[in-house]
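The values are calculated or read from the model by the stated rules, or taken from the named source; none is laboratory data. Treat the numbers as computed from the prediction; the structure is a model and nothing was measured. We place every Cβ from the backbone using ideal geometry, glycine too, and count neighbours over all the protein chains shown. Please note that ligands, DNA and RNA were not included when accessible areas were found on the heavy atoms of the full protein model with its side chains. Shrake-Rupley method; radii C 1.70, N 1.55, O 1.52, S 1.80 Å.
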Amino acid sequence: MPLGVNEDGNDLRSPWSETKQANTASQVDNYLNISLGTTVNVTKDWKFDFDYTYASETGVIKRPGTRYSAANAWMAGTLKTDAAGNQIYVNDLGQQVAATAEGAMPAYELPYQEYTAHGANPDHIYRKSSGARRHTFNATTDYNWQLNDDNNFKFLLGMNLVTYDYEDNWSQITDLTDITNPQFDLAVGTQTASGNQKWEGQMGYFGRINYNYKEKYLLEANLRYDGTSRFRRDNRWVWTPSVSLGWNIAHENFWESLRDIVSTLKLRASYGKLANQNTTSWYPTYVTMPLGTANGSWLINGQRPNTANAPGLVSTDLTWEKVQTTNIGLDIAMLQNRLNVVFDWYIRDTKDMIGPAPVLPATLGTDPPRMNNTDLRTRGWELSINWQDRLAMGLGYRIGLTLSDARTEITNYPSTNRALDKYYTGKKMGQIWGYTTIGIAKTDEEMQQHLASLPKGGQDPLGSNWGAGDIMYKDINGDGKIDWGDYTEDNPGDLSVIGNSEPRYRFGLNLSVDYKGFDLGVFFQGVLKQDFAPNGYTPTFFGAHPWGIWESQVMVQHLDYFRNDPEHPLGLNMNSYYPRPRFSGQNYEAQTKYLQNAAYLRLKNLQLGYTLPNKLTQKVNLSNVRIFVAGENLFTITKLADMFDPETVYGGWNGTVYPLSKTYSCGISLNF
């Protein structure tokens with residue numbers, strides 16, 4: 001698409017010209033936050049705490065539209081003539097020349113026109129105002145009871161209340177009479193308006209008991225009772241208990257000889273239940289009928305009518321998800337707290353998880369509702385190791401490592417249809433099902449030999465017109481054809497589990513040193529195991545797209561595709577990475593050849609600073625002055641295709657998102 005202006009100085013129709021002619025939209029938000037709190041001490045061991053927060057947000061959005069005019073490159077040009085009606089000729093530089101000049105060609109001009117129809121988008125003015133208010137109230141009372149020097153109790157009771165209400169209204173009128181001054185009273189088209197108002201609230205009561213015996217035996221018990229306005233009365237409230245135990249072995253008498261080496265050796269065990277709403281809808285159990293204003297597809301008395309659509313299905317029994325966690329942990333502090341180790345192993349069971357409804361016949365006519373129908377189990381562990389020390393010369397350094405892993409599977413789901421893209425009991429979350437790749441056929445004869453080895457249908461279920469440059473898939477189940485069977489775990493055809501999209505072994509590494517005012521901090525993060533399987537709908541990876549040329553894209557990496565024509569402008573390429581480009585998905589199935597290793601190591605943050613000596617800063621009444629330079633996302637080590645970022649490969653549309661930026665900054669921190 002051409003950009004800029006033509007030889008007459010008129011804008012050519014393009015996103016650039018429309019941006020240039022557009023009026024400026026605006027959004028103004030105002031925030032108010034008021035917090036009040038107090039503590040009432042009844043005795044030295046008994047107190048009450050109260051706090052209240054009021055937060056409000058108001059906003060106004062204005063979109064003054066326009067109509068666009070330009071030399072319309074979307075239409076055919078017409079022969080260009082001079083004032084006398086004579087045909088104008090130009091050379092290949094666009095310069096006017098005589099008709100008999102070498103290389104002369106007829107000149108054409110594009111029609112200059114206002115191509116936005118009156119009343120069509122964006123020929124309108126739109127205004128929206130909104131307001132939201134949140135009230136938060138917390139009240140707690142706690143009492144410390146020391147039975148004797150060895151036995152200590154702490155009791156806590158409390159409640160919290162949160163309410164939130166929101167309202168907005170908007171109006172719009174089309175067909176501006178003056179596109180340079182868009183105003184509501186200067187438009188003569190269709191006027192529409194609408195609004196919205198909603199409210200929600202949560203309330204909770206909670207209590208906690210702590211018991212401590214000589215810092216050796218620790219007990220904590222909690223009980224919550226929470227309610228929400230999002231569910232029906234019978235399902236609105238939920239009890240969630242939890243209990244944890246701790247034993248600090250290092251405080252036992254038999255450990256006294258080792259206490260200088262290991263000052264903390266604490267075993268922990270806990271079991272608890274939490275609840276969450278897991279719904280973005282404020283009224284998920286109520287049927288709402290979608291209404292439209294003047295948006296009907298038929299004209300009635302010359303006007304588009306209002307519309308009402310059949311509402312979707314809802315589950316009136318929707319309620320809280322319950323998350324039950326069993327945890328066993330170990331805390332170690334050694335060598336005068338220079339070395340600290342924390343390890344946790346856990347099982348997390350999510351009961352009554354809100355999941356998709358089982359597959360129902362298409363004759364239902366609408367999507368089935370989401371409901372509390374799924375149980376999920378996650379097993380995992382977390383490890384944290386930190387070392388810190390300061391040398392006699394004054395150099396301080398710290399090393400911190402975190403490492404964690406988790407696997408999740410569905411333990412219960414009310415469906416016997418074990419479709420690979422649906423929930424079913426026993427499904428491992430993140431499984432990637434794909435075909436096993438033999439390779440790219442280098443000749444038509446090689447492809448025909450491969451197809452001849454598949455006498456029951458070849459690769460026809462995946463596509464047609466197989467030839468040189470196409471993918472040859474392996475017949476995993478030996479049935480003489482390449483297909484997906486019933487696309488179920490029981491009969492996946494030639495599909496098999498080739499990878500897993502869930503990140504495994506997440507880690508972080510913190511390194512820092514300081515010496516005589518200078519400090520350096522480095523933070524690495526990464527994932528040691530993760531797979532990514534691009535498919536036909538990932539044109540960022542394959543280039544070509546099954547929907548055709550308009551959905552496809554070409555990058556330098558995509559040029560390494562199969563070419564068996566020695567006269568091709570890009571040259572022969574028989575040992576290519578990519579198959580021949582085709583506007584079909586048959587070469588771009590999820591498969592072993594293109595399975596990507598998304599593991600990575602990234603230098604996430606680096607900061608170098610210098611803190612001025614106190615004897616200098618105190619002279620100007622400053623307690624601390626630090627100068628620093630910093631960088632983020634400075635480098636990444638990964639085997640993932642370089643069209644993707646390993647942190648965002650599962651974001652956006654098939655990994656196509658705005659990339660993370662490499663950022664450099666510097667600054668000065670002043671403390672008075």
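For the range 520-548, how many residues meet the condition of being open to solvent by less than 30 Å² (accessible area, probe 1.4 Å), in contact with a Pro (Cβ under 9 Å, 6 or more places away or on another chain) and among the hydroxyl-bearing types (Ser, Thr, Tyr)? Qualifying residue count for the region: 1.
Residue-level check: of (1) under 29 Å from Lys20 (Cα atoms); (2) surrounded by 16 or more Cβ atoms within 10 Å (Cβ to Cβ), Arg133 misses just (1).
Here Glu647 meets each of (1) outside any loop (DSSP other than H, G, I, E, B); (2) at pLDDT below 95; (3) buried (at least 16 other Cβ atoms within 10 Å of the Cβ) with one exception, condition (1). None of Gly292, Gly329 is open to solvent by less than 40 Å² (accessible area, probe 1.4 Å) and at pLDDT 90 or above except Gly329. Scanning the range 72-91 for residues that are surrounded by 10 or more Cβ atoms within 10 Å (Cβ to Cβ), among the hydrophobic types (A, V, I, L, M, F, W, C), assigned to a loop (DSSP other than H, G, I, E, B) and at pLDDT 85 or above turns up just one, Ile88. Closer than 30 Å to Leu265 by Cα, out of contact with any Pro (no Cβ under 7 Å at 6 or more places or on another chain) and either of a type in the set (Phe, Trp, Tyr) or not in a loop (DSSP other than H, G, I, E, B) (or both) - does that describe any residue in the range 167-190? No: zero hits. For the range 38-71, a residue qualifies if it is of a type in the set (Ser, Thr, Tyr) and exposed (fewer than 14 other Cβ atoms within 10 Å of the Cβ), and the qualifying residues are Thr38, Thr39, Thr43.
Which one is farthest from Leu3 (Cα to Cα) among residues in the range 16-69 that are of a type in the set (Phe, Trp, Tyr), modelled with pLDDT of 95 or more and within 34 Å of the chain's Cα centre (by Cα)?
Residues of the range 16-69 of a type in the set (Phe, Trp, Tyr): 16, 31, 46, 48, 50, 52, 54, 68.
Subset that is modelled with pLDDT of 95 or more: 31, 46, 48, 50, 52, 54.
If we keep only those that are within 34 Å of the chain's Cα centre (by Cα) as well, we get 31, 52, 54.
Values: Tyr31: 42, Tyr52: 57, Tyr54: 51 Å.
Ranking the candidates gives Tyr52 first.
Just for the range 463-508: of the residues that are assigned to a loop (DSSP other than H, G, I, E, B), among the aliphatic types (A, V, I, L, M) and more than 20 Å from Met429 (Cα to Cα), which one is most open to solvent (accessible area, probe 1.4 Å)? Steps first, please.
From the range 463-508, those assigned to a loop (DSSP other than H, G, I, E, B) are 463-470, 474-480, 482-487, 489-495, 501-503; that's our starting set.
Narrowing the set further to residues that are among the aliphatic types (A, V, I, L, M) leaves 468, 476, 482, 495.
Checking the rest, the ones that are also more than 20 Å from Met429 (Cα to Cα) come to 468, 476, 482.
Details: Ala468: 12, Ile476: 76, Ile482: 0 Å².
Top of the filtered list is Ile476.
When the range 157-185 is limited to residues that are open to solvent by 60 Å² or more (accessible area, probe 1.4 Å) and hydrophobic (A, V, I, L, M, F, W, C), the one that is nearest to Lys62 (Cα to Cα) turns out to be Trp170. Quick check on my filter: what residues within the range 392-420 are more than 23 Å from Arg348 (Cβ to Cβ) and open to solvent by 70 Å² or more (accessible area, probe 1.4 Å)? Ala392, Met393, Arg398, Ile399, Thr416, listed by residue number.
Checked against (1) touching a Lys or Arg at 6+ places or on another chain (Cβ under 7 Å); (2) more than 24 Å from Val5 (Cβ to Cβ), Asp123 passes all but a single condition, namely (2).
Within the range 11-31, the set of residues being touching a residue at least 40 places away in the same chain (Cβ under 8 Å) and out of contact with any Asp or Glu (no Cβ under 7 Å at 6 or more places or on another chain) comprises Asp11, Leu12, Arg13, Ser14, Glu18, Gln21, Ala22, Asn23, Thr24.
Residues that are among the charged types (D, E, K, R) and in a loop (DSSP other than H, G, I, E, B) were ranked within the range 434-462; the one that is surrounded by the fewest Cβ atoms within 10 Å (Cβ to Cβ) is Lys456. Residues in the range 21-44 that are part of a loop (DSSP other than H, G, I, E, B) and either aromatic (Phe, Trp, Tyr) or within 30 Å of Ala70 (Cβ to Cβ) (or both): Ala22, Asn23, Thr24, Ala25.
Quick grid of which residues meet (1) part of a strand (DSSP E or B); (2) within 29 Å of Tyr346 (Cβ to Cβ):
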{"position": "Trp239", "(1), (2)": "yes, yes"}
{"position": "Leu245", "(1), (2)": "yes, yes"}
{"position": "Thr264", "(1), (2)": "yes, yes"}
{"position": "Ala269", "(1), (2)": "yes, yes"}
{"position": "Thr280", "(1), (2)": "no, yes"}
{"position": "Tyr283", "(1), (2)": "no, no"}
{"position": "Gly296", "(1), (2)": "no, no"}
{"position": "Pro311", "(1), (2)": "no, no"}
{"position": "Thr325", "(1), (2)": "yes, yes"}
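Residue check: Arg338 meets all listed conditions (1) out of contact with any Leu (no Cβ under 8 Å at 6 or more places or on another chain); (2) closer than 26 Å to Leu223 by Cβ; (3) basic (Lys, Arg) but one, namely (2).
Looking only at residues in the range 303-326 that are modelled with pLDDT under 85 and not polar (S, T, N, Q), the one that is most open to solvent (accessible area, probe 1.4 Å) is Arg304. Residues in the range 561-581 that are within 31 Å of the chain's Cα centre (by Cα) and either more than 21 Å from Asn465 (Cα to Cα) or open to solvent by 60 Å² or more (accessible area, probe 1.4 Å) (or both) were compared, and the one that is modelled with the lowest pLDDT is Pro581. Assess whether Phe231 counts as being closer than 30 Å to His135 by Cβ and among the aromatic types (Phe, Trp, Tyr). In short, yes. If you go through the range 134-173 and keep only what is modelled with pLDDT under 95 and among the charged types (D, E, K, R), you end up with Asp149, Asp150.
Filter the range 610-622 down to residues that are open to solvent by less than 60 Å² (accessible area, probe 1.4 Å) and not in a helix (DSSP H, G or I), then give me how many there are.
Looking only at the range 610-622, we keep the residues that are open to solvent by less than 60 Å² (accessible area, probe 1.4 Å), and these are 611-613, 617, 622.
Next, from what is left, pick out any that are not in a helix (DSSP H, G or I): 611-613, 622.
Residues flagged as open to solvent by less than 60 Å² (accessible area, probe 1.4 Å) and not in a helix (DSSP H, G or I) within the range 610-622 amount to 4.
So which residues in the range 198-219 are open to solvent by less than 80 Å² (accessible area, probe 1.4 Å), among the hydroxyl-bearing types (Ser, Thr, Tyr) and under 17 Å from Ala139 (Cα atoms), if there are any at all? Selection gives nothing. Filtered by the rule that a residue be open to solvent by 50 Å² or more (accessible area, probe 1.4 Å) and modelled with pLDDT under 95, the range 104-130 gives Met105, Pro106, Tyr108, Glu109, Leu110, Tyr112, Gln113, Glu114, Ala117, His118, Asn121. For the range 650-661, the candidate set comprises residues that are assigned to a loop (DSSP other than H, G, I, E, B) and at negative phi; within that set, the residue that is least open to solvent (accessible area, probe 1.4 Å) is Gly651.
Scanning the range 591-609 for residues that are open to solvent by less than 20 Å² (accessible area, probe 1.4 Å) and assigned to a loop (DSSP other than H, G, I, E, B) yields a count of 3.
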